[in-house]
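Take a look at the structure set out below.
The values are calculated or read from the model by the stated rules, or taken from the named source; none is laboratory data. This structure is a prediction, so every number in the text was calculated from the model and none was measured. Glycine also receives a Cβ, built like all others from the backbone with ideal geometry; neighbour counts cover every protein chain displayed. Keep in mind that these areas ignore ligands, DNA and RNA; they rest on the heavy atoms of the full protein, side chains included. Shrake-Rupley method; radii C 1.70, N 1.55, O 1.52, S 1.80 Å.
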Amino acid sequence: MTILPDQRGISASRHPLVTQAHRWIEVKTGYSRDEFGPAWADVDRNGCDTRNDILARDLTGETFKAGTNNCVVTAGTLADKYTGATINFTRGQDTSSDVQIDHIVPLSDAWQKGAQQLSANQRKELANDPLNLMAADGPTNSAKGDRDAATWLPPNKAFRCEYVARQTAVKATYKLWVTQAEHDAVASILEGCR
């Protein structure tokens with residue numbers, strides 16, 4: 001399980017965002033989810049797909065489908081960081097979308113900001129990196145879409161510092177760039193995180 005870096009106390013002047021390249025956004029030409037490998041691969045080879053790994057990490061009181069070696073999460077409770085709400089998750093055709101797994105840096109945004117230059121294996125790692133993934137309220141995640149921090153921030157203001165710190169850490173790890181508007185939005189949020 002990946003431990004998230006401690007982002008408390010990092011000022012905007014010391015944050016990795018300061019060293020990232022600022023560029024104009026690239027076009028989406030050539031973007032396809034398939035460019036990031038199969039959805040929810042078992043990249044850590046623990047026998048569970050990434051979606052279930054993240055559900056197991058982020059839910060409390062989770063239960064698992066019998067016979068899956070505690071891989072397939074069937075129920076649990078999410079303390080949703082995007083909204084601050086508590087969501088009861090139950091796997092099912094009409095209920096699974098209530099809790100979605102969000103890419104903190106959306107894959108389309110990553111593609112437009114440098115991921116098209118990554119190898120296929122690096123893109124697969126990005127798509128399945130636990131630092132870039134979080135269980136989230138489905139409707140809020142859908143509303144976020146592929147927007148960056150310049151155009152979307154979590155409604156729960158208490159989570160914004162961690163959110164932009166994680167976005168920045170992911171972009172730094174994979175050498176993705178940011179637009180000037182994104183840089184300014186992230187720097188503004190981080191300045192208030194002291």
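For every residue, the table says whether it meets (1) over 21 Å from Tyr163 (Cβ atoms); (2) at pLDDT below 55.
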site: Gln7; (1), (2): no, yes
site: Ser11; (1), (2): no, yes
site: Pro16; (1), (2): no, yes
site: Ala21; (1), (2): yes, yes
site: Pro38; (1), (2): yes, no
site: Ala56; (1), (2): yes, no
site: Cys71; (1), (2): yes, no
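Hey, among Asp80, Asp109, which residue is charged (D, E, K, R), farther than 19 Å from Gly61 by Cβ and surrounded by 19 or more Cβ atoms within 10 Å (Cβ to Cβ)? Working first, answer last.
Numbers: Asp80 fails: farther than 19 Å from Gly61 by Cβ.
Every option except Asp109 fails the conditions.
Please enumerate the residues belonging to segment 165-194 that are within 20 Å of Leu131 (Cβ to Cβ), among the hydrophobic types (A, V, I, L, M, F, W, C) and touching a residue at least 60 places away in the same chain (Cβ under 8 Å).
Ala165, Ala169, Val170, Ala172, Leu176, Trp177, Val178, Val186, Leu190, Cys193
Can you pull out every residue in segment 113-145 that is closer than 21 Å to Ala41 by Cα, outside any helix (DSSP H, G or I), touching a Leu at 6+ places or on another chain (Cβ under 9 Å) and open to solvent by 20 Å² or more (accessible area, probe 1.4 Å)?
Leu118 - this is the single residue of segment 113-145 that is closer than 21 Å to Ala41 by Cα, outside any helix (DSSP H, G or I), touching a Leu at 6+ places or on another chain (Cβ under 9 Å) and open to solvent by 20 Å² or more (accessible area, probe 1.4 Å).
Table: residues versus (1) assigned to a helix (DSSP H, G or I); (2) buried (at least 21 other Cβ atoms within 10 Å of the Cβ).
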{"residue": "Leu153", "(1), (2)": "no, no"}
{"residue": "Ala158", "(1), (2)": "yes, no"}
{"residue": "Gln167", "(1), (2)": "yes, yes"}
{"residue": "Lys171", "(1), (2)": "yes, yes"}
{"residue": "Leu176", "(1), (2)": "no, yes"}
{"residue": "Asp184", "(1), (2)": "yes, no"}
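Within segment 69-112, count every residue that is in contact (Cβ under 8 Å) with a residue 12 or more places away in the chain, farther than 22 Å from Phe159 by Cβ and part of a loop (DSSP other than H, G, I, E, B).
5
For Gly192, all conditions in the list (1) more than 16 Å from the chain's Cα centre (by Cα); (2) at pLDDT 95 or above hold save one; what is the number of the exception?
(2)
Could you identify the single residue in Asp34, Asp53, Asp42 that is surrounded by 18 or more Cβ atoms within 10 Å (Cβ to Cβ), closer than 15 Å to Lys124 by Cβ and out of contact with any strand residue (DSSP E or B) (no Cβ under 7 Å at 6 or more places or on another chain)? Even if it seems obvious, please write down each step before you answer.
Working: Asp34 fails: surrounded by 18 or more Cβ atoms within 10 Å (Cβ to Cβ); Asp42 fails: surrounded by 18 or more Cβ atoms within 10 Å (Cβ to Cβ).
The conditions single out Asp53.
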